[in-house]
Every structure is written in C-alpha cells, then in structure tokens.
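The values are calculated or read from the model by the stated rules, or taken from the named source; none is laboratory data. Note that the coordinates shown come from a computational prediction; the quantities given were computed from them, not determined experimentally. Ideal geometry is used to build each Cβ from the backbone, glycine not excepted, and the neighbour counts take in all protein chains shown. Accessible surface areas use protein heavy atoms only, side chains included; no ligands, DNA or RNA. Shrake-Rupley method; radii C 1.70, N 1.55, O 1.52, S 1.80 Å.
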Amino acid sequence: MARVVVDVMPKPEILDPQGQAVAGALPRLGFTGVTEVRQGKHFELEVDDTVDDDTLAKIAEGFLANPVIEEWTVRRLS
Amino acid sequence: MKIGVITFPGTLDDVDAIRAARYADAEPVSLWHADADLHGVDAVIVPGGFSYGDYLRCGAIARFAPVMSSVVDAAKGGMPVLGICNGFQILCEAGLLPGALVRNQKLHFVCRDQWLRVENNTTAWTTRFEPGAEVLIPLKSGEGSYVADQATLDELEGEGRVVFRYVGENPNGSRADIAGVTSANGRVVGLMPHPEHAIDALTGPSDDGLGLFYSVVDSLVGA
C-alpha cells in the first residue's frame, strides 16, 4: 500500500477567478504582500502495489485533471 | 423521428428538452445515464443541470456514464448531438467538442435572457436560422466561460466552427465571445444558453430556440 498525492492546477494561461478572489480578500483581512493566488485541487489516493506509475498518470491525465485547462503532478509519499 | 434526451443524476432540463423535441414534431425518447442502449433514436440531446453535482469538474463524471460511450460512438458515425449548458460541458469532457468551460470571469452565476448571433447556419442544428441572425435565449450558468488554446481557437474560427457568439457585453469571459461551437462535421453542437427554454412566448423570452429543434428534424428528414 502507498499513499499517492495528485495535485491539479489551472494552467498558467487560464484565468483563475477563484484564486484572484482569494488574493483580493487577503488585504481586506489585513494580510499584505501576497501578490498572486492560484487555486487548484489536491487528491490523496491509497493504492496497492498493483498500481504502477503509468496507471497513476492515466488516472491523473484522463480523469482527475482536464489537460485542456489543467496541469497535474503525481507524487508517491511512501 | 426520435430524439433521445439523457437524464443523469442531477440533470434539470431534460423535461424542457423533451418538450422542445415535441414542439418540433419529433418523438422524444428518455435515455437513462446507466443504460448504454440508445433505443433507436435518430439524434440525442444532452441537457443542462448539474450532473453528479458537478463533482470533480462539470461533466467530468457524466462523460464516463454508460450512455455516453454509446453517444460518442453514434456521434462519430454522424448522429446529430446537441449539448446544452451542462451538456456542452459533458461533450467537451468527452472529447466530442474541443475546449473546456471554466468558472465565469467574475465568479457570478449569470441568469438572464441573452442575445446571441448565429455564426454558422450549416450545422445539423442551425439550418433554420438566417446567416447572422440574432436570437434571444436564456443563459443560466456559473461555469460558462469557454476556453481553448490559441491554436484551437484559430482552427475553430478558420473553419467557421463557432456557431453562436454572445452579442453585447460578454457575460462570462468566454474567449472570443464564444457561446457555442460545433464538431468538424457539423453534426455535434454545444452551447451554454438554453434554447429549450425559448420555444414558446408563453414560457420564455422568445421562441427563437425552436430553430435548433426544427433544424435537426429537417436534417434527419433529408437524410
């Protein structure tokens, strides 16, 4: 068994209005100096030993992320 | 003439799509997401709503429903398919249409009657419109901003595959004011606004939406 983390982020050229809204709220809360926020998704998968890296890439590319608008990374934690 | 209308968990506008098919003198056929059988329909409407609660991404889970694999196969064989709102998102996720729909630029859910210009009246769903016709159709979406990379946008513009464009102020930040696009063969069309809500002046802002449903019936009769 292993824990795998898949992070999915909007591509740099894709407008991220949610991240912009978060960035816009920070000064109102008294936090200054944060110049940009991008918001994405974080998945944690528990997988058994039969799930190889190719399979994880297919899960990320074909389902968890939409490659038209998003980038993804896969990390094995253990 | 049978037009199938798919219902997923979370679909909202299947009933109005069925009504629109009936207005156009077609026989509506309800299709269920878990049933891969298309029951002999001649065309399919993927209606609006929030399939699977919009979990993961709008349309991301619906595209893997059993009925969708049959729709993708049929579309590749030339069957007319119309995706409305969430249906448009599903067709993009399924790869039948290019690009994707993302959160509206100003994060607001937009709900209003929207003027559109018909940019392509040669698709299976738009032959009843005059070229450049302007139509009034309800728009109601929070993730209706159409995006695609520049090469794809250039290809769509170059091949005349932008079918509907927003007239006036862009409601959601869509690239090039795009409200709807079509497949390379002009048989699959997706748009964010809801033509099935504009088929009768009694219940909508116009009956402009009827043109899509009459058009597909024409294309099937002529086939």
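Quick one: what pairs do we get from region A:51-70, first residue within 14 Å of chain B (Cβ to nearest Cβ), second of a type in the set (D, E, K, R), C-beta under 8 Å, 6+ apart or different chains?
A:L64/A:K41; A:A65/A:E71; A:N66/B:R57; A:N66/B:E93; A:P67/A:E61; A:V68/B:D149; A:I69/A:K11; A:E70/A:K11
Quick check on this structure: which one of B:G48, B:G77, B:G53 is under 15 Å from B:T7 (Cα atoms), surrounded by fewer than 23 Cβ atoms within 10 Å (Cβ to Cβ), of a type outside the set (A, V, I, L, M) and more than 14 Å from chain A (Cβ to nearest Cβ)?
Among B:G48, B:G77, B:G53, only B:G53 is under 15 Å from B:T7 (Cα atoms), surrounded by fewer than 23 Cβ atoms within 10 Å (Cβ to Cβ), of a type outside the set (A, V, I, L, M) and more than 14 Å from chain A (Cβ to nearest Cβ).
Using the structure shown, decide if B:A133 is crowded, with 18+ Cβ neighbours inside 10 Å and either within 19 Å of B:G209 (Cβ to Cβ) or among the hydrophobic types (A, V, I, L, M, F, W, C) (or both).
For B:A133, the condition - crowded, with 18+ Cβ neighbours inside 10 Å and either within 19 Å of B:G209 (Cβ to Cβ) or among the hydrophobic types (A, V, I, L, M, F, W, C) (or both) - is not met.
Report, ordered by the first and then the second residue, all pairs with beta carbons closer than 7 Å, sequence separation of six or more or different chains, a first member in region B:159-187 that is within 14 Å of chain A (Cβ to nearest Cβ), and a second member that is open to solvent by 40 Å² or more (accessible area, probe 1.4 Å) and hydrophobic (A, V, I, L, M, F, W, C).
Listed pairs, sorted by first residue: B:G173/A:L15.
Which residue pairs have Cβ atoms closer than 7 Å, lie 6 or more positions apart in sequence or on different chains, and pair a first residue in region A:27-42 that is of a type in the set (V, I, T) with a second residue that is surrounded by 10 or more Cβ atoms within 10 Å (Cβ to Cβ)?
A:V34/A:A23; A:V34/A:L26; A:V37/A:G19; A:V37/A:V22; A:V37/A:A23
Look at region B:80-99 and say how many of its residues are within 14 Å of another protein chain (Cβ to nearest Cβ) and of a type in the set (S, T, N, Q).
1
Does B:R128 meet the test of being in contact with a helix residue (DSSP H, G or I) (Cβ under 7 Å, 6 or more places away or on another chain) and open to solvent by 20 Å² or more (accessible area, probe 1.4 Å)? Talk me through it step by step, then tell me what you get.
Details: in contact with a helix residue (DSSP H, G or I) (Cβ under 7 Å, 6 or more places away or on another chain): yes; open to solvent by 20 Å² or more (accessible area, probe 1.4 Å): yes.
Here the answer is yes, as B:R128 does meet what is asked.
Of all residues in region B:32-51, which are within 18 Å of B:L96 (Cβ to Cβ), free of Cβ contacts under 8 Å to residues at least 60 places away in the same chain and outside any strand (DSSP E or B)?
Selection gives B:H33, B:A36, B:L38, B:V41, B:S51.
Considering only region B:8-25, state which residues are buried (at least 22 other Cβ atoms within 10 Å of the Cβ) and either free of Cβ contacts under 8 Å to residues at least 12 places away in the same chain or part of a strand (DSSP E or B) (or both).
B:T11
Quickly run through region B:129-185 and pick out the residues that are assigned to a strand (DSSP E or B) and among the charged types (D, E, K, R).
B:E134, B:K140, B:R165, listed by residue number.
Taking region B:100-116 as the search range and keeping residues that are under 25 Å from B:I3 (Cβ atoms) and buried (at least 19 other Cβ atoms within 10 Å of the Cβ), which one is farthest from the other protein chains (Cβ to nearest Cβ)? Walk me through how you get there before you give the answer.
Within region B:100-116, the subset under 25 Å from B:I3 (Cβ atoms) is B:101, B:113-114, B:116.
Keeping just the survivors that are buried (at least 19 other Cβ atoms within 10 Å of the Cβ) gives B:101, B:114, B:116.
On the way: B:L101: 9, B:Q114: 20, B:L116: 22 Å.
Among those residues, the one meeting the criterion is B:L116.
Would you check if there is a residue in region B:144-151 being of a type in the set (V, I, T) and either touching an Asp or Glu at 6+ places or on another chain (Cβ under 7 Å) or crowded, with 24+ Cβ neighbours inside 10 Å (or both)?
No; the residues of region B:144-151 include none that is of a type in the set (V, I, T) and either touching an Asp or Glu at 6+ places or on another chain (Cβ under 7 Å) or crowded, with 24+ Cβ neighbours inside 10 Å (or both).
Going through region A:53-78 one residue at a time, which ones are open to solvent by 90 Å² or more (accessible area, probe 1.4 Å) and over 21 Å from A:P12 (Cα atoms)?
A:D53, A:D54, A:K58, A:R76, A:L77, A:S78
Tell me whether region A:4-12 contains one or more residues that are closer than 22 Å to B:A148 by Cα, free of Cβ contacts under 8 Å to residues at least 24 places away in the same chain and surrounded by 13 or more Cβ atoms within 10 Å (Cβ to Cβ).
For region A:4-12, residues closer than 22 Å to B:A148 by Cα, free of Cβ contacts under 8 Å to residues at least 24 places away in the same chain and surrounded by 13 or more Cβ atoms within 10 Å (Cβ to Cβ): absent.
Mind counting the residues in region A:23-52 that are surrounded by 10 or more Cβ atoms within 10 Å (Cβ to Cβ) and of a type in the set (V, I, T)?
4
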